[in-house]
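Below is one structure, written out as structure tokens; the observations come after it.
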Amino acid sequence: MKKLDLKFIHIGKCGGTTIHHNFKLKKYHLKRNYKKNENYLIWIRNPIKRFVSAFNYVKSVINTNISNINAFETVCLDNC
């Protein structure tokens, strides 16, 4: 059986990371250089639920307690 060469187009907040890890597909982000004779997998979800999920994610980042972190000693480009 021939392995199907799928390319996975990752759309944020649609479960793409889970799909990528479970199926071991090469991941592409929204690029517009698609080729005609290639197979692509795109996973989408309800746009309202996607918006709410993205909003809650950003809200949790904003509300993260960083009072115990000395940013000048612990935060750098390598660990962000």
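Laboratory data are not the source of any read-out in this text; all were calculated from the coordinates shown. Predicted model, so just to flag it, every value in this text is computed and none were measured. Positions of Cβ are backbone-derived with ideal geometry, glycine not excepted, and every protein chain shown enters the neighbour counts.
The local environment of ASN37, defined by Cβ-Cβ distances under 14 Å, has a net charge of +1 under the rule Lys, Arg +1 and Asp, Glu -1. Subtracting the Cα-Cα distance of VAL61 and ASN46 from 0.36 nm times their residue separation leaves 3.1 nm of extension gain.
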